[in-house]
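Asks: Provided herewith is a single structure, encoded as structure tokens, for subsequent inquiry.
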Amino acid sequence: MATTVSAASTPTSSHGPRLDAHLHPAGRWIFLAVLIGALGYAGGSVIADTAEVGETLATGVFLFLALALLIALGFEFVNGFHDTANAVATVIYTHAMPAPLAVIWSGFFNFLGVLLSSGAVAYSIVTLLPIELILHIGSAGGFAMIFALLLAAVLWNLATWYVGLPNSSSHALIGSILGVGLANQLLSRGLGGTSGVDWSQAQKVLTGLLFSPLVGFIGALVLLLVMKRFMRDPKLYSAPRTDAPPPRGIRATLILTCTAVSFAHGSNDGQKGMGLIMLILIGCAPTAYALNRTVPQSEMPAFVAQARSAEAIFARQPGPEPRSIDVARATVTQGLATRNIDTPAVYGALSSLSRDVGDRLASYGSLDKVPAAATPNLRGDMYLVLDASKMVVADEGAQARFTAQDIEGIKSYGGALEKGTRFIPFWVKVTVAIALGLGTMVGWRRIVVTVGERIGKTHLTYGMGMSAELVTAATILLADRFGHLPVSTTHILSSGVAGASVANGAGLQWRTIRNMALAWVMTLPAAMLLAGGLYWALLTVLRTTMAA
């Protein structure tokens, strides 16, 4: 598919950067100490959290959880070293920073980006998964799903990294999720359509992946043309003549853009691992992680009042009262799976579930007092009502049935449900941040060479690097803040470098562009096939083991 790029490839410019410099030997020991400390912190946090709620994990479950967490953190680690080049290539090839310092700098701001992220993107990834597997994440199907999609994404990332292609970790992960969903639907023979992919959410996510490279290309091209119009310093638009750092102001701007891309990458990409880790924790230790037990008891009266209000809003719609809570759950689940919630039966079921959730919250007094046996059902009901409420608010037919005040009441109730079920413990953020940050310091050379040398026909200039990285950082942060969309740092910045090359009058190396486009096109079907096959194999093994 592509010519393998040597990590020590000689730069095209006689004043190219040194990519063979190594960190001080002490750095390796610090790296190892931080890695071991992060894994110990994660294990200790799980033990402390489960002990606090009186949940005892069997040895087998704990080992299973440890393996799953290692693979999830491994995905973020691979994501780090696969995507680092997108932030550091410009500062390295413009001599704004030496390579070892650049990767450490990028790793630190990736770390900060994860810690300060909102967590919203984490659950936009989760909603792509089949709803029955999310509701029964502790089943054989749920565990097979997690392992299959993580392993498939890691393997594809490693394959594209090995040949030096700037492939998207987001693209690989989403392809893996879609592959698991389709495999689950085929294995379930599509019964009622409840086992497949949420294609409306998939369309939203894939649209972001499709248009973000266009935004990168056009945005960087236009920005560089504007810079040429108003910033006429010729040093910005010509290749560095020596290996000396650029002028102070230009250097500061390049470092600033590198910092912005690193922070934005951590903020967006780190959340994907968070969402998957939360699914693992909910499956293995539901009492500790299925509900947000840190919600203050003082907020419960308002929560219960919102549940009562939602019950009354849904009850005003003509619909039969479900015979039981089990029937109500099945009705809402079917409505979500078929994307058809604007029916009397679903509104009656939502009213019944909201009443039951409100009654249970009122009786317990707070989420931290929900007993272990009641946790899975309560979390499942809250999750069902939350997703159905979001769909009601967005559905045109449903909106016509409710007043503006009703819609606001449903939104308010949904916000409370979201706070109670969709949360990220601080230790998860820290360990993902460390995994992503450490990953940026490993294996970055292959992709750096592609971004720095093999997209445009001329050496990367200061202006090209600045415009590509400014557009990349802005696009990622806007997608995170307003769209809650997972976007590809790799796609945006690589396209931005190509756009800046065109704007600067440099030609494109079409072989590289072709290989990058081929990787972009192949990632989705390849990850889907790999994840689907792994899901089938793992599900077969797990069911056989459990039966034995």
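Asks: Identify the residue in the range 47-84 that is among the polar types (S, T, N, Q) and part of a loop (DSSP other than H, G, I, E, B) and, among all such residues, is surrounded by the most Cβ atoms within 10 Å (Cβ to Cβ).
Replies: Result: THR84.
Asks: Can you say whether GLY219 is modelled with pLDDT of 85 or more and under 13 Å from TYR535 (Cα atoms), as far as the supplied structure shows?
Replies: no
Asks: What number of residues within the range 317-342 satisfy the criterion of being more than 23 Å from GLY415 (Cα to Cα) and either touching a residue at least 24 places away in the same chain (Cβ under 8 Å) or buried (at least 21 other Cβ atoms within 10 Å of the Cβ) (or both)?
Replies: 6
Asks: Still on this structure, I have one more. Given the criterion more than 26 Å from the chain's Cα centre (by Cα) and modelled with pLDDT of 70 or more, identify the matching residue among ARG454, ARG514.
Replies: Checking each option against the conditions leaves just ARG514.
Asks: Check the range 66-82 and report whether any residue there is within 14 Å of VAL261 (Cβ to Cβ) and in contact (Cβ under 8 Å) with a residue 12 or more places away in the chain.
Replies: Checked against the condition, which is being within 14 Å of VAL261 (Cβ to Cβ) and in contact (Cβ under 8 Å) with a residue 12 or more places away in the chain, the range 66-82 yields at least one hit.
Asks: Show the residue pairs that are 6+ apart or on different chains and have beta-carbon atoms under 6 Å apart, the first residue being within the range 220-247 and touching a residue at least 60 places away in the same chain (Cβ under 8 Å), the second being outside any helix (DSSP H, G or I) and hydrophobic (A, V, I, L, M, F, W, C).
Replies: From residues that are touching a residue at least 60 places away in the same chain (Cβ under 8 Å), the pairs are PRO246/ALA96.
Asks: Between residues in the range 120-135 that are in the same structural domain as PHE147 (by TED's automatic domain parsing) and residues that are assigned to a helix (DSSP H, G or I) and aromatic (Phe, Trp, Tyr), which pairs lie under 8 Å by C-beta distance while being six or more apart or on different chains?
Replies: Pairs found: ILE134/TYR383; LEU135/TYR383.
Asks: In this structure, is PHE314 assigned to a helix (DSSP H, G or I) and in contact (Cβ under 8 Å) with a residue 60 or more places away in the chain?
Replies: So PHE314 fails the test.
Asks: Follow-up question, since we're still on this one. Taking the condition touching a Phe, Trp or Tyr at 6+ places or on another chain (Cβ under 7 Å) and not in a helix (DSSP H, G or I), does PRO240 pass?
Replies: Answer is no for this residue.
Asks: List the helices (runs of 4 or more DSSP H) that sit entirely inside the range 337-406 and contain at least 1 residues that are among the aliphatic types (A, V, I, L, M), on the phi > 0 side of the Ramachandran plot and under 31 Å from the mean Cα position of the chain (by Cα).
Replies: Here the list is empty.
Asks: Looking for whichever is within 27 Å of VAL121 (Cα to Cα), at pLDDT below 75 and not small (Gly, Ala, Ser) here; the options are ILE447, ILE434, ILE424. Which one fits?
Replies: Step by step, each of ILE447, ILE434, ILE424 is checked, and only ILE447 is within 27 Å of VAL121 (Cα to Cα), at pLDDT below 75 and not small (Gly, Ala, Ser).
Asks: On to the next question. Can you say whether VAL226 is under 29 Å from MET391 (Cα atoms), modelled with pLDDT of 80 or more and among the aliphatic types (A, V, I, L, M), as far as the supplied structure shows?
Replies: Criteria not met by VAL226.
The values are calculated or read from the model by the stated rules, or taken from the named source; none is laboratory data. Quick caveat, the model's predicted, so the values are computed rather than measured. Methodologically, a virtual Cβ is constructed for each residue, glycine included, from the backbone with ideal geometry; neighbour enumeration extends over all protein chains shown.
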